[in-house]
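What follows is a set of notes on a single structure, which appears directly below.
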Amino acid sequence: MSDSDLMAEFISVYMSSLKKLEKLISQPTSDFGISFEQWLIMTSVVKSGHESPLTMTKIATDRGVTKGAIARQLKPLFERRYLNQVPDEQDRRRTLLLLTPEGQRVEAIITSRVNGRFSGWLDIYGFAEGQNLLKTLHRLDTLIVQPELNKEKH
């Protein structure tokens, strides 16, 4: 197989599978009018707990994006009344993010669906193959994706 054959095969797999993977991953969230990334924010809020609630700044820092980008992700969560902002009682300058009861219900349903879907995929694909694919994707990210993205910044 030549380099050009390999590239053609890669493009074919990209168009038939990889490009559509995000849609498959996002399906459990679509019934609730939010994206997969918005569900991830809701899950982060749940995991942070009431002892150390999240702030928009913390989410932005953890994800390496701007607060504006996170604000755009949060807006539909506020509009659907899945998430509330409350002032921090210890530091009134900080605003904490908390799920509403409806947000807790929706997050739990989506989490169950995502976990079920992923388990089904592993049943078909196999745990060992899943580990190998993850190792390959990490390597791709480390050797190609991140270095290429860092080039664009400079």
Next item on the list: Per residue of the range 108-124, in order, report the coupling 6.51 cos²θ - 1.76 cosθ + 1.60 (Karplus, θ = phi - 60°) as ³J(HN,Hα) in whole Hz, putting x for Gly and Pro.
Entry: 5, 5, 5, 4, 4, 5, 5, 4, x, 5, 5, 4, x, 4, 5, 4, 7
Checklist line | the range 1-77: GluC sites (Glu not before Pro) in DSSP coil with no more than 14 other Cβ atoms inside 10 Å | finding: E51
Notebook entry, point to check: By the gyration tensor of its Cα atoms, with a ≥ b ≥ c the square roots of the eigenvalues, what is the shape of the range 81-140: rounded for a/c under 1.5, prolate for a/b over b/c, or oblate?
Noted result: oblate
Item checked: Three-way shape call for the range 1-45 based on the alpha-carbon gyration tensor, with the a/c threshold at 1.5 -> prolate
Check: Straight-line reach from K20: which lysines have a Cα under 22 Å away, not including same-chain ones fewer than 8 places off?
Finding: K135
Check: Exactly which chymotrypsin sites (Phe, Trp or Tyr not before Pro) in the range 81-154 are in a DSSP loop and have at most 16 other Cβ atoms within 10 Å?
Finding: none
Next item on the list: Read phi for every residue in the range 130-143 and hand back ³J(HN,Hα) as whole Hz from Karplus 6.51 cos²θ - 1.76 cosθ + 1.60, θ = phi - 60°, with x for Gly and Pro.
Entry: x, 5, 5, 5, 4, 4, 5, 5, 4, 5, 4, 5, 5, 8
Notebook entry, point to check: Length gain on complete extension for the stretch K151 to E22, per 0.36 nm per residue less the alpha carbon to alpha carbon distance?
Noted result: 43.9 nm
Margin query: What three numbers, in Å, describe the spread of the alpha carbons of the range 3-123 along their principal axes, ordered from the longest?
Written below: 61, 29, 24
Item checked: Amide proton proximity set for L96, modelled H, under 5 Å, gap of 5+ -> V86, D88
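Rule-based calculations on the coordinates, nothing more; no lab input. What you see is a predicted model; the values in this text were computed from it and never measured. Counting neighbours? That spans all protein chains shown, and the Cβs are built from the backbone with ideal geometry, glycine included.
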